[in-house]
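Notes follow the structure.
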Amino acid sequence: MVMRTLLINQFDFQTDDTEHKVFFMIGNMDTVRELLLDNFNSLESKYYGKGMLKYNGLRLYITIKEIPEVIKMLVGLGVNIYGIYELYEPK
């Protein structure tokens, strides 16, 4: 097993209203890719133009307070979520 160090930023969900690049680590991306595109990248979606699919998940440019809404949406679609974080980017 290969261990990797992953630096992440902590979220301040009570006072932070800025948008962040929030990553949702998702299982079985090869089987849910089309489902995610249909629901997050359609013109009718609130998240249209705010996301990017990766090989192991979905990155959305959203506020921290929107995370529970996205989780509900993913769970409702039957998508397995294994982690939610923002990658650390030094300033």
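The values are calculated or read from the model by the stated rules, or taken from the named source; none is laboratory data. Computed from a predicted model, the values in this text were never measured in an experiment. Heads up, the Cβs are rebuilt from the backbone with ideal geometry, glycines too, and the neighbour counts pull from every protein chain shown.
Results for (1) at positive phi; (2) at pLDDT below 95; (3) surrounded by fewer than 16 Cβ atoms within 10 Å (Cβ to Cβ); (4) in contact with a His (Cβ under 8 Å, 6 or more places away or on another chain), shown as yes or no for each residue.
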| residue | (1), (2), (3), (4) |
| --- | --- |
| S42 | no, yes, yes, no |
| S45 | no, no, yes, no |
| Y48 | no, no, yes, no |
| K54 | no, yes, yes, no |
| I64 | no, yes, no, yes |
| E69 | no, no, yes, no |
| K72 | no, no, yes, no |
| L77 | no, no, yes, no |
| I81 | no, no, yes, no |
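A quick yes/no check of all residues on (1) among the aromatic types (F, W, Y); (2) touching a residue at least 40 places away in the same chain (Cβ under 8 Å); (3) within 13 Å of F13 (Cβ to Cβ):
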residue	(1), (2), (3)
N56	no, no, no
R59	no, no, no
I64	no, yes, yes
V75	no, no, no
V79	no, yes, no
Y82	yes, yes, no
E86	no, yes, yes
task: Just give me the residues in the stretch 44-91 being assigned to a strand (DSSP E or B), over 13 Å from M25 (Cα atoms) and aliphatic (A, V, I, L, M), in sequence order.
output: I62
message: Quick check on my filter: what residues within the stretch 40-54 are in contact (Cβ under 8 Å) with a residue 24 or more places away in the chain and in contact with a helix residue (DSSP H, G or I) (Cβ under 7 Å, 6 or more places away or on another chain)?
response: L53
- prompt: Is there a residue being within 15 Å of I84 (Cβ to Cβ), touching a helix residue (DSSP H, G or I) at 6+ places or on another chain (Cβ under 7 Å) and without any contact (Cβ under 8 Å) to a residue 60 or more places away in the chain anywhere in the stretch 25-39?
  reply: yes
